[in-house]
Amino acid sequence: MSSKFSNAEESPGFMLWQVTNVWQKAMRKALDPYELTHPQFVLLFSCKWLNEKNDHTGITQIQLAQHAQMDVNVTSQVLRTLEKKGYIERRSHPTDSRANVITVTKTGDEIASQAVQAVEEEDRAFFSDLGNEIGHLNRILKQLAHR
């Protein structure tokens, strides 16, 4: 046998992959009415959230990518799509000629606010079987995410 695991359920990586696929399917279902992909939602809502935390002064693409832990090039592609949809605006950074300031439009704010409700509802349903163990799962996921 080429694996140290006697069955697939013993492999944490394989189980994470399976859970991720099932969860992503649930997210697609929740986001379909808003015509958003999950990466689009993550960046749109993160942009809204970060701008609110920064008194609506705008954030840079790098700040957004770091917050979402997403590749900068992928972030740029997704932001281009969100801009075409009229959900975000990009303008030149006042002090850094290499950067853009990203803000959420009124339409983008409304879509993000509606979509987050659907996503959080789907999350609650998806993780409901964990009961009080959800906090433990979050601590483990946070530990893995911040490597």
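Some notes on this structure:
- Region 39-70, residues that are surrounded by fewer than 15 Cβ atoms within 10 Å (Cβ to Cβ) and either assigned to a helix (DSSP H, G or I) or under 12 Å from the mean Cα position of the chain (by Cα) (or both): E52, K53, I62, Q66, Q69
- Of the residues screened, N132 is not one that is closer than 15 Å to C47 by Cβ, among the polar types (S, T, N, Q) and more than 19 Å from the chain's Cα centre (by Cα).
- Residue that is nearest to the chain's Cα centre (by Cα) [pool: residues in region 78-118 that are assigned to a loop (DSSP other than H, G, I, E, B) and over 16 Å from Q63 (Cα atoms)]: Y87
- Residue within region 104-115 that is among the basic types (K, R), out of contact with any helix residue (DSSP H, G or I) (no Cβ under 6 Å at 6 or more places or on another chain) and either surrounded by 13 or more Cβ atoms within 10 Å (Cβ to Cβ) or at pLDDT 95 or above (or both) present: yes
The values are calculated or read from the model by the stated rules, or taken from the named source; none is laboratory data. Just so we're clear, the structure is a prediction, and the values are computed from it rather than from any experiment. Neighbour counts are summed over all protein chains in view; Cβ atoms, including those assigned to glycine, are modelled from backbone coordinates with ideal geometry.
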